[in-house]
Amino acid sequence: MTRKEKSKIVATLVEQLALTEYFYIIDAEGLNVEEANDFRRRCFQAGVIYQVVKNTLITKALSQLDSEVDNFALSDTVLKGFSGILLAKDVGSIPAKVIKDFRKQRKLAKPLLKGAFIDKALFLGEEHLDMLSQLKSKTELLGELVGLLQSPITRVMASLQSSKYQLAGLLEALSVKES
């Protein structure tokens, strides 16, 4: 690969990383061609970009970003051996779900999670995969918050509405009784 090709890959990676707050670095070494193609297909269907990139190129791309990613922590622990990068645009848990579903359906132990950068937080190691797959999106969290805030108001309104009908029924019963 020429320097020009490498710089083009780094520039593309910088552009993609700048557009997302979520990326995963995985180890998919040992997958055969059929399994690798299936994993790529699942990523594409989920809206996740999957690329196999040299560790040095990932390091160069991360160093060009103005983000909280600690390049030294990544390069010392994560960027060793075979590395692939998963980029998610809207929801940080989708790549973790794709990895878990792929493993479950294929009955494989790979791909392994080496590290993930989710909304300015760094998660290193395979042990975080289950937790990352259960993360909720910002939209889901906002929906739950609105639901929680509306719940007391809804109960008060329901009480007032039922009281109004109870009072009307009482008044009607009293007027019938007097007649």
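Derivation of every value follows stated rules applied to the coordinates shown; laboratory data play no part. Keep in mind that what you see is a predicted model, and the values were worked out from it rather than measured. Neighbour counts are summed over all protein chains in view; Cβ atoms, including those assigned to glycine, are modelled from backbone coordinates with ideal geometry.
A few remarks follow.
- Cross-link pairs beyond the 28 Å C-alpha cut-off, checked among LYS104/LYS136; LYS54/LYS89; LYS114/LYS138; LYS6/LYS107; LYS4/LYS138; LYS6/LYS100: LYS6/LYS107; LYS4/LYS138; LYS6/LYS100
- Cβ crowding within 10 Å, taken as a proxy for footprinting-reagent exposure, orders PHE44, PHE39, PHE123 from fewest neighbours to most as PHE44, PHE123, PHE39.
- Over all pairs of different C-alpha atoms in region 3-135, the reciprocal of the mean inverse distance, the Kirkwood hydrodynamic radius, equals 14.8 Å.
- Separation of the GLN150 and ALA11 label points, Cα + 7 Å toward Cβ, nm: 4.8 nm
- Between ASP76 and ASN32, the simple spin-label model (points 7 angstrom out along Cα→Cβ) gives 4.0 nm.
- Remark: the ASP119-LYS177 segment gains 14.1 nm on full extension, using 0.36 nm per residue and subtracting the alpha carbon distance.
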